[in-house]
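Just so you know, all these numbers are worked out from the coordinates, no wet-lab data involved. Quantities reported herein were computed from a predicted structural model and do not represent experimental measurements. Here Cβ is always computed from backbone atoms with ideal geometry, including for glycine, and neighbour counts include all displayed protein chains.
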Amino acid sequence: MIEGDRAHIFITANSPGEIAGWVAPVVEELKRRDPTASITVALPPCQYASGSEIEVASRTPGVDRVVRIKTLLREALFSGGAHRSRGRGSCVLYLGGDALYAVLLSKLLRLPACAYIGKPRWRKHFARYMVADERARSRFLEAGVEPERIETVGHLGLDSVRIGAGREEIVRRLAGEADDAEIVTFLPGSRPVEIEFLIPFFIETAEIMRELCPETIFCFAVSPFADRKLLAASVGRAGARIGRSGDLVCSGGCRIQLETENPQEAMCVSRLVITIPGTNNLQIAAMGVPMLIITPLNQAERIPMDGLLGMLDYRIFPVGLIKRRLILGMKKRVKYVSLPNIIAGREIVPEMLDILRPGDVAEKAVSLLRNPERRAEIVRDLHEITRDRGAAGRIADLILGEGARTPQEARGP
């Protein structure tokens, strides 16, 4: 499977946040340092996936091959493992999914395994752990991981912002000539369960907000992972349609711009972004844009979760009932759901975690739009927690340097 002296790096990851927020910036930095490196992205099974990961990962610059992990494991098993002439830096790099697959792949390929991860999984099998911050490092030390195997690299999501146009050009595209336009952007998610629920929910929210703030320009930032047919079907169920110019025309008269080419551009010029928890929270934070994080528990049984329950169909009795009760029960124990608040350990951006109505979200969003002091405070706090960037470059340096081996291997016998 592995030939030649160049570096061969096998990245395990799945779900939209991992592919777009973690894999893309790491691959870019790896290729910047070593253009000859061969990079394979292996996708493990994942209940958080959107179904479009292979297509989007294949379009990621610098990725040489995208394959399902089971196929790669089978190839490694029958090829007898890695070729001995592998280049320096060759390794298995865990960037998401079940860590077991990265461990198995490293054993079959006879390559060291490294992980960018928040919890110390499979402690005896990873040569190097790369963690986001000192709080995560403390968790690893408390679990008995040797200090020399832990590197604090920063938050990867901060490195995944890609804006290709200037502010004036973006505003002109979304709002015509109104350079001072008040743009509110909704992120309706990428997984089918999110699109089916959030598209009608956000359309109704926008219509209510339009009554209160008639000058506001509304936009849907559509993820590249989102199924376009499902998107159109969800729009139709909400009583709206996609107009000739590509925007949404709602039954109540509200028009919503659709940004499908570069959703981050719509986010960066917004007065407010309304979204659900995820990697995009860090991307929005890196842009310094105020956001409102909502977690509707209206269909709690459909929310992806870890463990056996997350793998079972919620429509199988009593799986849905158990999931719903578990998730609604956890609501009281969860302090924060958005990454900016989790990182800061306090509320920087407002959150709404409950069974929600569009009117609830519209009221909260309008109060933020009418409170520039609160939005300015959010921006200041976001700048404070996003100063330390460059995690992707640090990971690339570790992988292509001595970091892909254990400290003992690096020193030699």
Just need log10 I(q)/I(0) for the stretch 167-385 at q = 0.12 Å⁻¹, Debye formula, equal scatterers on the alpha-carbon atoms, no solvent, rounded to two decimals. -0.64
Just to confirm the number: angle between the C-alpha axis of helix 69-79 and the first principal axis of the chain, 0 to 90 degrees, nearest 10? 20
Once fully extended, how much extra length lies between Ala165 and Glu377, figured as 0.36 nm per residue of separation less the alpha-carbon to alpha-carbon distance? 73.7 nm
Taking Cα atoms only, helix 99-109 is inclined relative to the longest principal axis of the chain by an angle, in degrees rounded to 10, of 30
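Taking the Cα centre as origin and putting +1 on Lys and Arg beta-carbons and -1 on Asp and Glu beta-carbons, what dipole magnitude results for the chain, to the nearest 20 debye?
Its charge dipole is roughly 1460 debye.
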Ile355: net charge of surrounding residues, Cβ under 14 Å, Lys/Arg +1, Asp/Glu -1, itself excluded? +3
Options (i) 21.1; (ii) 21.8; (iii) 22.6 - which one matches Kirkwood radius over Cα pairs in Å as calculated here: (iii)
Taking r as the C-beta separation of Arg325 and Trp122 and R0 as 41 Å, the FRET efficiency to the nearest 0.05 is 0.85
Net charge around Gly118, counting only other residues with Cβ within less than 12 Å of its Cβ (Lys, Arg = +1; Asp, Glu = -1)? +4
Helix 358-369 versus the longest principal axis of the chain: what is the Cα-based angle in degrees, 0 to 90, to the nearest 10? 90
GNM of the chain, Cα pairs under 10 angstrom: of Val145, Val92, Val153, the biggest fluctuation goes to Val145
Under a Gaussian network model of the chain whose springs join Cα atoms within less than 10 Å, the largest fluctuation of Ile355, Ile303, Ile378 belongs to Ile355
Surrounding charge for Leu308, neighbours by C-beta under 14 angstrom, Lys/Arg +1, Asp/Glu -1, total -2
Summing -39500 (n - 2.57) over the DSSP H runs of n ≥ 4 in the chain and dividing by its residue number, what mean residue ellipticity at 222 nm do you reach, to the nearest 500 deg cm²/dmol? -11500 deg cm²/dmol
Over the chain, what is the relative contact order in percent, taking alpha-carbon pairs closer than 8 angstrom and at least six residues apart? 17
Just flag the GluC sites (Glu not before Pro) in the stretch 1-66 sitting in loop per DSSP whose Cβ has no more than 14 other Cβ atoms within 10 Å. Glu3
Rank Arg357, Arg387, Arg149 by mean-square fluctuation in a GNM of the chain with C-alpha springs under 10 angstrom and give only the top-ranked residue. Arg387
Could you name the lysines in cross-link range of Lys332, using Cα to Cα under 19 Å and dropping any fewer than eight places away on the same chain? Lys323
Cα→Cβ-extended label distance, 7 Å offset, between Asp5 and Asp64, nm: 1.6
Using +1 on the beta carbon of Lys and Arg, -1 on that of Asp and Glu, and nothing else charged, what's the dipole of the stretch 167-385 about the Cα centre, debye to 20? 880
